[in-house]
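Asks: I am attaching a structure below and will ask some questions about it afterwards.
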Amino acid sequence: MEKRDYYEVLGVDKSASADEIKKAYRKKAIQYHPDRNPGDKEAEEKFKEAAEAYDVLSNPDKRARYDQFGHAGLGGAAGNGGPFGGFSGGMSMDDIFSMFGDIFGGHSGGFGGFSGFGGGSARQARFRGSDLRVNVKLTLKEISTGVEKKFKLKKYVPCSHCHGTGAEGSSGTETCPTCKGSGTVIRNQQTILGTMQTRTTCPTCGGEGRIIKNKCKECSGEGIVYGEEVITVKIPKGVADGMQLSMSGKGNAGKHNGIPGDLLILVEEEPDKELIRDENDLIYNLLLSFPTAALGGTVEIPTIDGKVKVKIEPGTQPGKVLRLRNKGLPNINGYGTGDLLVNVSIYVPETLSKDEKKALESMENSENFRPNVSIKDKIFRKFKSFFE
């Protein structure tokens, strides 16, 4: 199913401030919260959709990519629900609350009993791994068809000895004695307005609600170790230089089986020896000999898929543009394919033999070799429009 516009999902304008986006998300989250809509699958999907929209629009980097490239800038061109995107269709409710609990202060909001979201019980913290960034160099051919690239990444991965828990053997974990498993502690402070109650992250367990009895000897209780992973990245066709794609969950692993970070892929376009890119169009500068321009003929033009033969009409003038339809690059959002524009120039030899000079001098007096008024006017208008 095609994803809706994120601004439309939250009901805000594209010029909305960060505070306006935050308020709009809070409103949608309250409206579609599962505790208010028990058993309503449509409300649950809208709840997740609003969280996905907020994840992108609240992040300046993701929002800039989305504003410029749409869902494709986040990997949507790889298929909604494919390997790219803010959520990739794999976000659980627990993940959503872990990422957006700050919207509601993390512990209240009038709801009871859902994932520790309200009702006086606190949501236990989950560690999130950091993001990783890689650069991928692509040729025009790879950009035109899309391509798979493999990377061997040095990164933090879950500890295989303790399976990411950080605990040694079967000792496991136990409820934190300080916060009694809530992940937070309440502190009372006397002020001029009376007793103020604040809830903060438990200093003993770091907000997890549990503590490790015996730390794993391999990871020292962290649940992660430094290792490597081979990751296959599917680059959609039509990407552009400077575009950044994201692959959810392929960054560094989070401590204690936490939420993994993302893999950010920065696209670098390798310059082509013959073709110049102009958005989805390609440009080729064709240098014709004078006889070919005057008499006509056939020339070979390079394209992404190989050389093609193009007919040159007799009397072709310098500055003429030949358009080869659909020989450019595909639009990343699937809106057609660009063209190949061939700019014609005429080569004038710098040195001539005596016979060549005589031949040209004999043609100098011919009316056919003298530019007429219409041609002069055409050239003047072309240069005038160029400088305007």
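The values are calculated or read from the model by the stated rules, or taken from the named source; none is laboratory data. Owing to the predicted nature of the structure, the values given are computational and were not obtained by experimental measurement. Every residue, glycine among them, receives a Cβ derived from its backbone with ideal geometry; neighbour counts consider all protein chains shown. Calculation scope for accessible area: heavy atoms of the full protein, side chains included, ligands and nucleic acids excluded. Shrake-Rupley method; radii C 1.70, N 1.55, O 1.52, S 1.80 Å.
Asks: Does Val56 meet the test of being closer than 14 Å to His71 by Cα and open to solvent by less than 70 Å² (accessible area, probe 1.4 Å)? Step through it out loud before you land on a result.
Replies: Working: closer than 14 Å to His71 by Cα: yes; open to solvent by less than 70 Å² (accessible area, probe 1.4 Å): yes.
Considered against the rule, which asks whether it is closer than 14 Å to His71 by Cα and open to solvent by less than 70 Å² (accessible area, probe 1.4 Å), Val56 comes out as yes.
Asks: Looking at (1) under 30 Å from Lys62 (Cα atoms); (2) out of contact with any Leu (no Cβ under 6 Å at 6 or more places or on another chain); (3) touching a residue at least 40 places away in the same chain (Cβ under 8 Å), which is the only condition Asn285 fails?
Replies: Every listed condition holds for Asn285 apart from (1).
Asks: Can you confirm whether the stretch 248-259 contains a residue that is open to solvent by 40 Å² or more (accessible area, probe 1.4 Å) and either without any contact (Cβ under 8 Å) to a residue 24 or more places away in the chain or basic (Lys, Arg) (or both)?
Replies: Scanning the stretch 248-259, I find at least one residue that is open to solvent by 40 Å² or more (accessible area, probe 1.4 Å) and either without any contact (Cβ under 8 Å) to a residue 24 or more places away in the chain or basic (Lys, Arg) (or both), so the answer is yes.
Asks: Now for a separate question. Read through the list (1) part of a loop (DSSP other than H, G, I, E, B); (2) at pLDDT 75 or above; (3) of a type outside the set (A, V, I, L, M), then give the number of the only condition that Gly81 fails.
Replies: The failed condition is (2).
Asks: From Lys14, Lys48, which residue is part of a helix (DSSP H, G or I) and either among the basic types (Lys, Arg) or in contact with a Cys (Cβ under 6 Å, 6 or more places away or on another chain) (or both)? Even if it seems obvious, please write down each step before you answer.
Replies: Numbers: Lys14 fails: part of a helix (DSSP H, G or I).
Answer to the check: Lys48.
Asks: Go through Gly181, Gly164 for me and flag whichever is modelled with pLDDT under 85 and assigned to a loop (DSSP other than H, G, I, E, B).
Replies: On the way: Gly164 fails: modelled with pLDDT under 85.
Matching residue, one of Gly181, Gly164: Gly181.
Asks: Run Thr204 past the list (1) over 31 Å from the mean Cα position of the chain (by Cα); (2) at pLDDT 90 or above and report the number of the one that doesn't hold.
Replies: Thr204 satisfies every listed condition except (2).
Asks: Can you confirm whether the stretch 261-271 contains a residue that is part of a loop (DSSP other than H, G, I, E, B) and in contact with a His (Cβ under 6 Å, 6 or more places away or on another chain)? Break it down into steps so the answer makes sense when it comes.
Replies: Of the stretch 261-271, the ones part of a loop (DSSP other than H, G, I, E, B) are 261-262, 270-271.
Checking which are in contact with a His (Cβ under 6 Å, 6 or more places away or on another chain) leaves us with none.
No, the conditions are met nowhere in the stretch 261-271.
Asks: Okay, next question. For the list (1) within 17 Å of the chain's Cα centre (by Cα); (2) touching a residue at least 60 places away in the same chain (Cβ under 8 Å), I need the number of the one condition that Gly242 fails.
Replies: Every listed condition holds for Gly242 apart from (2).
Asks: Which residues, counting only those in the stretch 218-244, are touching a Lys or Arg at 6+ places or on another chain (Cβ under 9 Å), open to solvent by 20 Å² or more (accessible area, probe 1.4 Å) and under 21 Å from Asn331 (Cβ atoms)?
Replies: Selection gives Lys234, Ala240, Asp241.
Asks: Across the stretch 1-34, what is the number of residues that are touching a residue at least 60 places away in the same chain (Cβ under 8 Å) and loosely packed, with under 15 Cβ neighbours inside 10 Å?
Replies: Initially, the stretch 1-34 is screened for residues touching a residue at least 60 places away in the same chain (Cβ under 8 Å), giving 1-3, 6, 22, 25-26, 29-30, 33-34.
If we keep only those that are loosely packed, with under 15 Cβ neighbours inside 10 Å as well, we get 1-2.
Adding up the residues that qualify gives 2.
Asks: Being at positive phi and either part of a loop (DSSP other than H, G, I, E, B) or in contact with a strand residue (DSSP E or B) (Cβ under 6 Å, 6 or more places away or on another chain) (or both) is the filter here; which residues of the stretch 284-338 pass it? Working first, answer last.
Replies: Within the stretch 284-338, the subset at positive phi is 296-297, 306, 315, 319, 326, 334, 336.
Listed by number, the residues that qualify are Gly296, Gly297, Gly315, Gly319, Asn326, Gly334, Gly336.
Asks: Here is a further query. Any idea how many residues of the stretch 297-349 are more than 18 Å from Leu275 (Cα to Cα), open to solvent by less than 50 Å² (accessible area, probe 1.4 Å) and within 34 Å of the chain's Cα centre (by Cα)?
Replies: Keep residues of the stretch 297-349 that are more than 18 Å from Leu275 (Cα to Cα), which gives 297-298, 311-318, 332-336, 346-349.
Keeping just the survivors that are open to solvent by less than 50 Å² (accessible area, probe 1.4 Å) gives 297, 312, 315-316, 332, 336, 346.
Next, only the ones that are within 34 Å of the chain's Cα centre (by Cα) stay: 332, 336.
The total comes to 2.
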